[in-house]
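Here's the structure, in structure tokens; my notes come after.
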Amino acid sequence: MGRIFDIKRYATGDGPGIRALVFLKGCPLACAWCANPESQHAETEILFYRDRCVGCGRCVAVCPTGAIGLDPAVGLTTDLAKCTACGRCVDACLHEAREKVGEDRSVDEVMELLGRDRRYYENSGGGVTLTGGEPLFQPQFSAALLGACKREGLHTALETSGFADREAMELVLEHVDLLYYDLKHPGPRAHQAGTGQSNAPVLRNLSRIREAFSGDLIVRIPYVPGFNEDPDVQRKMIETASRVRGIRRVEILPYHRLGLTKYAALGRTCAVADLAPVDKGSLGGLRDLGRRHGIEVEIDAR
Ligand code: SF4
Ligand code: SF4
């Protein structure tokens, strides 16, 4: 069994062709700029979109634990300590103001769903991408699911922060055709401040990645002003990536603000909420930097 928070069918952009993106819930990092904050906690959560709520009170009536209150002054309140994430309020709401994030699924259940679109993946040269959250946070499930995909002849890709122990990496990477590996910051203190974790395992795993993985490798670098936009910091990361044998390219992921509404729906505040989105056109110099290090640098256009 694995805890999943979304499966996007007919996706493009995280691997070749048309793909299914399977999002796993739970991540050991807590990046301040994370665009999927609902992916971070391993527990199932209920999101509340206040702007959609009409105050009908249906959710209050069905909640078995009394977690939801209806305050005329502020609208709905949810006592998270009382919420068991049963999902009854989500089913009761007619306005899609409440959303349950995180379901436990077996490998067979996910494979059944993926099998429905199989001809799209096959005809387009696509497949399945595991992302999150951090797929290596659930290594047994990720390995079993990717192994099942390989046995069905599907191309497999994995997105990882690289923050995982060696055993988890070896277990999962055996079933991966294409690996997206994140580099966020070369400095230990800045990495700790921005993500909540040390970068030591990330750098160590990347330096030894070819002992465990012989497939296609792309390094992804989030570009976050105030965190890692310093040219010297970018140069160090591109240099580090260029030293990995057989790396295909580096992809730069400019910071955007698309996840902000989800922070509000989770009752959380984004630590970089005031940050303006990055102008992608301003990042052309990173391509030149890549050329100087003999590696292609692509700026993500999404
Ligand atoms: S998920 Fe269940 S316990 Fe939590 S607020 Fe909704 S109805 Fe209440
Ligand atoms: S059921 Fe939906 S619309 Fe009604 S009060 Fe609850 S969240 Fe708001």
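The values are calculated or read from the model by the stated rules, or taken from the named source; none is laboratory data. All of these numbers come straight from a predicted model, not from anything done at the bench. For neighbour counting, all protein chains shown are included, and Cβ atoms are generated from backbone atoms with ideal geometry for every residue, glycine included.
Considering only the stretch 17-29, I want to know if a residue exists there that is in the same structural domain as Gln197 (by TED's automatic domain parsing) and out of contact with any Phe, Trp or Tyr (no Cβ under 9 Å at 6 or more places or on another chain).
There is at least one residue in the stretch 17-29 that is in the same structural domain as Gln197 (by TED's automatic domain parsing) and out of contact with any Phe, Trp or Tyr (no Cβ under 9 Å at 6 or more places or on another chain).
Under 6 Å between Cβ atoms, at least 6 apart or on separate chains: pull out the pairs that start in the stretch 90-118 with a residue that is of a type in the set (Gly, Ala, Ser) and end on any residue that is within 10 Å of ligand 2 (Cβ to nearest atom).
Ala92/Arg58; Ala92/Cys59; Ala92/Val62; Ala97/Tyr49; Ala97/Arg52; Ala97/Cys53
Got a number for residues in the stretch 50-74 being more than 8 Å from ligand 2 (Cβ to nearest atom) and either basic (Lys, Arg) or surrounded by 12 or more Cβ atoms within 10 Å (Cβ to Cβ) (or both)?
7
Looking at Val224, Val176, Val219, Val202 in this structure, which one is at pLDDT 95 or above, closer than 22 Å to Val297 by Cβ, in contact with a strand residue (DSSP E or B) (Cβ under 7 Å, 6 or more places away or on another chain) and crowded, with 18+ Cβ neighbours inside 10 Å?
Within the list Val224, Val176, Val219, Val202, the selection yields Val219.
For the stretch 256-302, how many residues are of a type in the set (A, V, I, L, M, F, W, C) and surrounded by fewer than 14 Cβ atoms within 10 Å (Cβ to Cβ)?
4
Count, please, the residues in the stretch 78-98 that happen to be of a type in the set (Val, Ile, Thr) and either more than 7 Å from ligand 1 (Cβ to nearest atom) or under 19 Å from Gly55 (Cα atoms) (or both).
Qualifying residue count, the stretch 78-98: 2.
Which condition from (1) of a type outside the set (A, V, I, L, M, F, W, C); (2) within 13 Å of ligand 1 (Cβ to nearest atom); (3) out of contact with any strand residue (DSSP E or B) (no Cβ under 6 Å at 6 or more places or on another chain) is the one that Pro72 breaks?
The number of the failed condition is (2).
Can you pull out the helices (runs of 4 or more DSSP H) entirely within the stretch 202-302 that have at least 3 residues that are more than 28 Å from Asp165 (Cα to Cα)?
Per the criteria, 260-265, 284-292.
Determine whether the stretch 225-234 contains at least one residue that is among the β-branched types (Val, Ile, Thr) and touching a Leu at 6+ places or on another chain (Cβ under 7 Å).
Among the residues of the stretch 225-234, not one is among the β-branched types (Val, Ile, Thr) and touching a Leu at 6+ places or on another chain (Cβ under 7 Å), which makes the answer no.
Residues to consider are Leu136, Leu146; find the one that is modelled with pLDDT of 95 or more, surrounded by 23 or more Cβ atoms within 10 Å (Cβ to Cβ) and in contact with a helix residue (DSSP H, G or I) (Cβ under 6 Å, 6 or more places away or on another chain).
Leu136
Let me spell it out: the conditions are (1) under 21 Å from the mean Cα position of the chain (by Cα); (2) within 16 Å of ligand 1 (Cβ to nearest atom); (3) β-branched (Val, Ile, Thr), and Val107 meets all of them except one. Which number is the exception?
Unmet for Val107, out of (1) under 21 Å from the mean Cα position of the chain (by Cα); (2) within 16 Å of ligand 1 (Cβ to nearest atom); (3) β-branched (Val, Ile, Thr): (2).
Hey, does the stretch 83-95 have a residue that's within 10 Å of ligand 2 (Cβ to nearest atom), modelled with pLDDT of 95 or more, surrounded by fewer than 18 Cβ atoms within 10 Å (Cβ to Cβ) and of a type in the set (A, V, I, L, M)?
yes
Which one is nearest to Gln234 (Cα to Cα) among residues in the stretch 267-290 that are in contact (Cβ under 8 Å) with a residue 60 or more places away in the chain and touching a Leu at 6+ places or on another chain (Cβ under 8 Å)?
Cys270
Working only within the stretch 101-130, note down all residues that are part of a strand (DSSP E or B) and surrounded by 22 or more Cβ atoms within 10 Å (Cβ to Cβ).
Val101, Gly127, Val128, Thr129, Leu130
So, in the stretch 32-49, how many residues would count as being within 12 Å of ligand 2 (Cβ to nearest atom) and at pLDDT below 95?
Selection size over the stretch 32-49: 0.
Tell me the strands (runs of 3 or more DSSP E) entirely within the stretch 21-100 that contain at least 2 residues that are within 30 Å of Val224 (Cβ to Cβ), within 29 Å of the chain's Cα centre (by Cα) and not small (Gly, Ala, Ser).
Here the list reads 45-48.
List the pairs whose first member sits in the stretch 247-258 and is in contact (Cβ under 8 Å) with a residue 12 or more places away in the chain, whose second member is small (Gly, Ala, Ser) and not in a loop (DSSP other than H, G, I, E, B), and whose Cβ atoms are under 7 Å apart, counting only residues at least 6 apart or on separate chains?
Pairs that qualify, where the first residue is in contact (Cβ under 8 Å) with a residue 12 or more places away in the chain and the partner is small (Gly, Ala, Ser) and not in a loop (DSSP other than H, G, I, E, B), are Ile247/Ala241; Val250/Ala241; Val250/Gly290.
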